[in-house]
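Enquirer: There's a structure below that I have some questions on.
The values are calculated or read from the model by the stated rules, or taken from the named source; none is laboratory data. Values in this document were obtained by computation on a predicted structure and should not be read as measured data. Here the Cβ positions follow ideal geometry from the backbone for every residue, glycine too, while neighbour counts run over all protein chains shown. Accessible surface areas use protein heavy atoms only, side chains included; no ligands, DNA or RNA. Shrake-Rupley method; radii C 1.70, N 1.55, O 1.52, S 1.80 Å.
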Amino acid sequence: MNSKLKAIYKEWFIQNRSLWKKVFKATLGYEICSILCLIPKVSAAMGAVSYLLPLGSLFFHAGTTIGCQIEQIWLNFCMMVMSALWCGIIGYLITLYNRARIIYGVPLYDNGGSVIAAIAYFTAIFVIAYYRLKYPRLFTPSLQAFVLVFFTLTKQLDATSYNIMMLFTIIYPTLLGGVIALVVNLFIWPETAAKAFEESLYNAFYSTRTALTSIQQEFMLEEVSENTSSGITAMKEAKVKLQGDMSSLRKAASEAKYELVVSHYSAAWYKSTTESLEKIASILASTTLAVEQERKLIVTSKIASQLGAARSNDRHLGVPATILTIDSEDPLREQHLRRRRSAASREYLTHSNSPYSTVQRIDYKLLPVIQQSISPHINAFLLVCCKCFCAIQYRMTKRKVFSSHAELMDYVEDDQSLSSCTSNGLQQLMSTALDEFKKVEAIIQDGIDKHNTHPREEHYLVYTLVFTLLECGHEILKLDQYTKELVSKRTKYPRIWMPKVTFKKLLTKTSRLAKGSTSPATQAIMENQDIVVLPDMRRTASRMRQDPETVITEKDDDLDDVETVYEVPLQNAPGRYWWNRAMLSLTRWFQYGPTQYAMKFAISMEILALPAWLPIPGLNAWYNYNHGQWALLSGMVISNFTIGSTLVQSFYRTVATIIGAVWGFIALLAADRTNPYVLSVMVLIFAGPFWFIFLGSKYPRIGLISLLTLVVVVNTGYSDPYNESTFEVVWKRTVTAIVAVFVVMIINYLFWPMWAREEMRKQLAVLIMDTGIYYFQVASLACHDNTTSKRWQITFEETEIASKNLRKRLDTVGELFNLSASEPRLTKAPFPRDIYASIIDHERNILFWISHMKRSQTFISEGIRDKIMTQINPYRREMAAAVHLYLFTLAGSLRNKAALPASLPSAEVARQHLQEHLADIWLQLQKGQTLEEEDVEDISNATSKPAISGALPYGESQMYWQSYAAGPVQVVVEQETMGELIIKLMGQHVFRVAEKNWARI
C-alpha cells in the first residue's frame, strides 16, 4: 500500500512539480480577485460588472511567464483604450441625439440611438476581429476590447446624459486583475520564457541522444533477422519524438526571443547551438530513413528468395503457385508487391527480358554482405558520437544552461570519463573516430571491386548511411564549439533581456496565453497565414522563384529562353482600367482569411445583440435584465478559424458552462448567497481543480470556461443586481451559452465555411506541387560543374528559402489534419484519416530525401562533377521532369478531387535510363578508357555514350555522388507509394483497351 501511495505521489506531484507551482500561483491570484469582489466597497468601486476583476486574473493568469504577462497586459491596455475612445465618441453622439429628440423636440426617429449603436457596434467588432486574426498576438488582449463594446453599446440607449464612468468601470477592473496576477507571479516562483526554453533545449538534446542510441542498437546485431519490427519501431518512435521536440524547441526559442526574459544567457546567443542541433536532427532523420530502408530491403529480399525457391520446388511437385502466399497484412510483403507499380511502366520494368527490369536490377543481393562487413565500424562510431554528445550535454548542465536531470546523471555515473571530458579531449576523441570511420569507405570499395560490379542501389544506401554518420560527427564537433562559446558568455548575475524585434513582427506570433482560448493547431495556422491559400484564390506560375532580372547580375550567366520570355498567365493578366484593378483588390480582400473571419464574427455578435436595438418598447431592458451580454461573451470565446475548431469550442463551452454553473450554484447554496467567507472558501476549493485542468490537462478549454462561468455566477449571485434567485442566475447563464453556440455555428456554416479537411487537402496539393519544383531545383544543382558561379549560388539560396517554406507548409498541413478530426461528415463515410496520415508521412520522407540530396551534392568535387555528374545531364533532367510531372499529376488530382489517369507517368523509367548510363560511365572510368565524343543530347538513342577521359580517383570521391544517387531512388519509391494512396482516395480512370496491361481494369 505504501509503495502504491509513493508511486502515486511521485507521478502526480514530484514529476509535475512545475505544474503544481503554476496551478498554485494562478489559483492564488484568482482567489485574491474573487475575495476583493466580495468586499462591498470594492465591489461598488468596480462598477456594475465587478466580476471583470477576477476575469483579468484569469485571462492574464500567474501560471504563465512574467514577460508574457507584462506584454499582454500592455497590449490589452492599448486595445481597450482604442475601444474606449470609439465607444465614448459613439455614446456621446447617442446622448446628443436623444437630447435633441426628447428635450429639444427635434423630429427624429424614435429608435435612432439604437441604429447608431448597432452600426457602431458592428464596425467595432469587425475591426477588432480583423486585427485579432491578422495579428495573432492580439488574440487574448482583444477579448477585453470586445467586452468593452458589449457592455457599453447595448446599455442606456435612451439616456439623455452621458456617464463617462461607465467606460472606466469596465477598463480598470480587468487591468487591475491582471496586475494582481502579475504581482503574485513576481513574488512566488517567478519564471520567464528562459525557463521553458531551457526545458525544451534539454528535451531536444535528450531526444537526439535517444535517436543516436536507437540507431546504434540496430547495428549491434551481427545479422539482420526477419523479425526487425521492434528495432524499426524504436527508431521510428525516436525519430517522431525528435521531430516533436525540435518543433517545441523552435517554438520556445521564438517565445524567448519575443518576450522579456531574466537569465544568464541572451536568447540570441543560442542561435548557433539550436541551428546546429536542428541540423543534427535533420541528418539523423535521413540516417533513420536509410537504415529503415536497408532493413526492409534485406528482409524483403530474403522473403522473395525464399518464396522463389519454394515456388520452384513446388512446381516440380505440381503444387499451384497461388497457394504459396504471404500474409497480405505484412507491410514488408505489401511494399514488395507494390514497389514501382506504375501502370504505364509495370510491364516494361518487371518483364524478365527487359534491360531495365526492376526484378533483375534491384534485387539488393550485395546489401546484406556489405552491411555486415561495416556494421562493427558503424557501431563503434555511433558509440563515440553518443559519448561525445552526452559530454556536451553534461557540460551545459554544469554551466547552468539547463537544469540537471536524474536520467543524465545516471548516464554519466555509468561512464565516469564523461564528467572529466574537456572540450579539447572531446574534439580529439571525435576527430580520431572520424578518421577511423573514413576507412569504412575503403572497405565498401573493396567489396564492390571484389564482386566486380558497378554502382547499384544497395551501394547508394550504404554510402548514404556512411555519409550521414560522417556529417553527424562533423556537426557534433561544430556543436561542441558553439556550446563552448555559449557557456563562455554566461553573465555573473541574471539580467533582464529585452526583446529585439520589430513591433509588427511581434504581433504576427501567437502568445502562450492563447492556450485555452484556441487550440495549438489553430495558433499554428494563424502564425502561418502568409502561406495558407484561400479556396477561391489562384496562384501564379512564378510563386516558387524570383524574377530573374532581380537575381542574375553577372554577364557570364546568360538567361535561357524560358527565363527571358516569361509572361504573366492570361488568367492572371491585370485589367486595362483602374476600376478593374480596384475590383480585383476588393475581391481579394474579401477572400482574405481575417476579412472572412471578422465578417462572420461581427454578424454573429450582431445577431446575439439584436434584442438590444429592435424598436420594441421594453426589449432593451429585458435584454439587460436577462444578462444578454453573457451570450456575447460565450460567442466571443467559441468563435474560431475553422468549423471543426468552432464545433469543438462549442462543445467544450457547453459542457464547461454546465460544470461551472453547477459548482457556482453549489457555492451560492453553501454560503446562503450572503456569507462572503464561506463563498470565498468554496471558490478556492472549486478553482484549484479547474486550474489544474486548464494548465495541465488535454482539455484546457474546459478549465478556462469553467473558471469563467464560476466567477460570473458567484459574483452575480452574490451582488444580486436584479433580485434574481440562485437557480435563475444558473439557468440564464447556461441558456445564453447554448444560444450563442447555436448562432455562431449557423453563421460559420452559412458564410464562407472553412472546413479544415478541405483546406488540408488543398494545402497538401500545393505542398506536393511545390515539392516537385523543389526537387527540380535541387537536381539542377548537381548538374552544374562550377559551384562558385553566381547562377549556382543563387539557385542554392532559392532552395534554402524553398526548404523553409515547405517545412512551414508541411507543419500547417499537419495542424489542419489535426483539426479535421473534430469535423462531422454527415453525408459520406468517415474521413479517411489513416490514408491522409500516410500521404503526409511519405511527403515528409520525400522532403527529407531531397534535403539529403541538397546536402550531399555540395561535397561533390569539380572533378567528379566533370567526369560523372555532368556527363549525364540530359538524362538527369529528364528524370527531374518526370518526378515533377508525377507530383504535379498527384497534386492536380487532390486539388480538384479528380480521378487519376489510367496510366501514371512513372519516373522509374527515366531513373533506370540514368542508372544504365551511369553504369557505363563507371565502367569506362574504372578501365581508364577514353572514348570519342558523341551527341548525348539525343537521349532517345540508347547507344549514345558520352566522352570520358581519365580514370576515377580511388577513395574519398566515391561517397558523395553515390550518397546523392540514393535520393532519387527513394524519392521515386516514396512518390509512387503516395500515388497508390491517392488512387484509394480519388480513384483512377478505368476502361478496356486492346493491349493487356495498358490500363488498370
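Enquirer: Roughly how many Å² of residue 800 are accessible to a 1.4 Å probe, to the nearest 10?
Expert: Accessible area, nearest 10 Å²: 70 Å².
Enquirer: Sorted by accessible area with a 1.4 angstrom probe, largest first, how do 257, 387 fall?
Expert: Largest to smallest exposure gives the sequence 257, 387.
Enquirer: Out of segment 825-919, which GluC sites (Glu not before Pro) are coil in DSSP terms and have no more than 16 other C-beta atoms within 10 Å?
Expert: Taking segment 825-919 and a limit of 16 other Cβ atoms within 10 Å, no loop GluC sites (Glu not before Pro) are found.
Enquirer: Okay, moving on. Give a quick list of trypsin sites (Lys or Arg not before Pro) in segment 696-745 that DSSP marks as loop, anything other than H, G, I, E or B, with at most 16 other Cβ atoms within 10 Å.
Expert: Hits after loop and neighbour filter: 698.
Enquirer: Could you give the accessible area per residue of segment 649-717, probe 1.4 Å, as a whole number in Å²?
Expert: Each residue of segment 649-717 exposes 36 Å² on average to a 1.4 Å probe.
Enquirer: Let me ask you something else. Using a 1.4 Å probe, what is the accessible area per residue for segment 806-932, in Å²?
Expert: 38
Enquirer: Okay, moving on. Report the full-extension gain for the segment residue 183 to residue 492: residue separation times 0.36 nm, less the Cα-Cα distance, to one decimal in nm.
Expert: Here the segment from residue 183 to residue 492 would lengthen by 108.6 nm.
Enquirer: So how far apart, in nm, are the two label points at residue 862 and residue 808 if each is 7 Å from Cα heading toward Cβ?
Expert: 3.6
Enquirer: A further question on this structure: Return the FRET efficiency for the residue pair residue 610, residue 505: r is the Cβ-Cβ distance, R0 is 56 Å, and the value is rounded to the nearest 0.05.
Expert: That pair, residue 610 with residue 505, gives E of 0.90.
Enquirer: Go through 599, 235, 165 and list them by solvent-accessible area, largest first, probe radius 1.4 Å.
Expert: Largest to smallest exposure gives the sequence 165, 599, 235.
Enquirer: Also: So which of 134/155; 236/854; 22/698; 251/698 end up more than 21 Å apart, counting from Cα to Cα?
Expert: 134/155; 236/854
Enquirer: Follow-up question, since we're still on this one. Tell me the accessible surface of residue 986 in square angstrom (1.4 angstrom probe, heavy atoms of protein chains only), to the nearest ten.
Expert: 40
Enquirer: What net charge do the residues around residue 113 carry, taking every other residue with its C-beta under 13 Å from that of residue 113, with Lys and Arg at +1 and Asp and Glu at -1?
Expert: +1
Enquirer: So if R0 is 25 Å, what FRET efficiency would residue 399 and residue 427 give, r being the distance between their Cβ atoms, rounded to the nearest 0.05?
Expert: Rounded to the nearest 0.05, the efficiency is 0.90.
Enquirer: Past 19 Å, Cα to Cα: identify those pairs from 241/398; 271/500; 398/492; 398/489; 279/478, in the order given.
Expert: From 241/398; 271/500; 398/492; 398/489; 279/478, over 19 Å: 241/398.
Enquirer: Something else about it: Count the net charge of all other residues whose Cβ sits under 15 Å from the Cβ of residue 635, scoring Lys and Arg as +1 and Asp and Glu as -1.
Expert: Computed value for this residue: +4.
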